[in-house]
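Accompanying notes for the structure given below.
The values are calculated or read from the model by the stated rules, or taken from the named source; none is laboratory data. For clarity, every value in this text was computed on a predicted model and none was experimentally measured. Virtual Cβ from ideal backbone geometry, glycine too; neighbours counted across all protein chains shown.
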Amino acid sequence: MRINLDGLGLTETPEHVWDAENLLELSLYNNRINNIPDQLFQHTEIKVLNYAGNEIEILPSLIGRLAHLRMLDLGHNRLEQLPKEIGQLSSLDTFLYLSNNRFTSLSSELCNLKSLRYLNVTDNQLRELPAELGNLKSLIELRLYYNKLESLPESLAELSQLRELHVYGNLLTHLPQALGNLAELRILDCNDNQIIELPQSIRGLKKLRKLTLRKNKMTSLPSEIGALDNLIELDLRDNDIHEIPESILNLEHLEKLDLRWNRNLRTASCLTILEQRGCVVYR
């Protein structure tokens, strides 16, 4: 059975919900509910649970009983921490949304979700990530934008299936050398940080198609940028880049290069050559 009670102004979960047999999906999005009642956890068959857009402050430890849960959306609530039992959700494989809450850190138990493919923890107050992040072996997309992260763990290298990494709007000054191990990465979004330079290991991102580094503190690019064989879009707007390496001519698939608001950028013949190839260069 699927029950949808979205946007009804509810302040609590109606009692009749718990009378349902074989409850597989429950959605209470965009209400004013401030707690998740214990009765929910008697429905161990549930696969999809959506309490996003409410006023929930505590996720009960009984969440660990939902052994068949595949999708969990708790975004836009008032959560500050997760119970360690979150790591018992072995079937949680599709997504976990925790955006727009009040997290300052994530428990290491979260990293036990070895089947999870999509994790969204945007718009929180995260200052660090657990060292065990690399245990999320199935992760395809990781969204961490608008937090207060100053670094990324080296265990990032173990996310061998990761295709999208979104970390814009943080306090990063460097990207880890481990970044180069993300061989499946297609999108890397690092806008609005304080990044000074790119690691040489970036040459390992052979499948990267989009790299955005707008509004950082970079003064140069490593020559290894030319090893990104499949790069289509490179956004370097609003940095302090002085020159572009000739190796950028190796980017045969590049369609868009944004260099606006790099006030000290020297004129380079390689940019003219890129334009002649059909690449749109903004400068």
Worksheet, complete the sentence: (1) within 16 Å of residue 121 (Cβ to Cβ); (2) surrounded by fewer than 18 Cβ atoms within 10 Å (Cβ to Cβ); (3) in the same structural domain as residue 229 (by TED's automatic domain parsing) all hold for residue 140 apart from (3)
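Restricting the range 258-278 to residues that are part of a loop (DSSP other than H, G, I, E, B) and loosely packed, with under 11 Cβ neighbours inside 10 Å, which is modelled with the highest pLDDT? Please lay out each step first, then the result.
Of the range 258-278, the ones part of a loop (DSSP other than H, G, I, E, B) are 259-268, 278.
Checking which are loosely packed, with under 11 Cβ neighbours inside 10 Å leaves us with 263-264, 266-267, 278.
Details: 263: 95, 264: 95, 266: 93, 267: 87, 278: 98.
Among those residues, the one meeting the criterion is 278.
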Discussion item. Give me the strands (runs of 3 or more DSSP E) completely within the range 59-133, filtered to those with at least 1 residues that are crowded, with 16+ Cβ neighbours inside 10 Å and among the aromatic types (Phe, Trp, Tyr), ordered by residue number.
Written reply: 95-97, 118-120
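Does residue 162 satisfy the condition of being among the aliphatic types (A, V, I, L, M) and either at pLDDT below 95 or part of a loop (DSSP other than H, G, I, E, B) (or both)?
Details: among the aliphatic types (A, V, I, L, M): yes; either at pLDDT below 95 or part of a loop (DSSP other than H, G, I, E, B) (or both): yes.
Yes.
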Fill in: Filter result for residue 221 (buried (at least 18 other Cβ atoms within 10 Å of the Cβ) and either β-branched (Val, Ile, Thr) or under 15 Å from the mean Cα position of the chain (by Cα) (or both))
no
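Which ones in the range 97-111 are touching a Gly at 6+ places or on another chain (Cβ under 7 Å) and over 19 Å from residue 141 (Cβ atoms)? Full working, then the answer.
Looking only at the range 97-111, we keep the residues that are touching a Gly at 6+ places or on another chain (Cβ under 7 Å), and these are 97-100, 109-110.
Matches in the range 97-111: 109 only.
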Response to the item:
Within the range 150-159, residues part of a loop (DSSP other than H, G, I, E, B) and either of a type in the set (S, T, N, Q) or touching an Asp or Glu at 6+ places or on another chain (Cβ under 7 Å) (or both) come out as 151
Practice prompt. Would you mention how many residues in the range 35-58 are touching a residue at least 24 places away in the same chain (Cβ under 8 Å), assigned to a loop (DSSP other than H, G, I, E, B) and within 23 Å of residue 8 (Cα to Cα)?
Written response: 8
Discussion item. Let me spell it out: the conditions are (1) farther than 13 Å from residue 282 by Cβ; (2) surrounded by fewer than 17 Cβ atoms within 10 Å (Cβ to Cβ), and residue 255 meets all of them except one. Which number is the exception?
Written reply: (1)
Discussion item. Take the residues in the range 1-18 that are surrounded by fewer than 14 Cβ atoms within 10 Å (Cβ to Cβ) and within 17 Å of residue 66 (Cα to Cα); name whichever of them is nearest to the chain's Cα centre (by Cα).
Written reply: 2
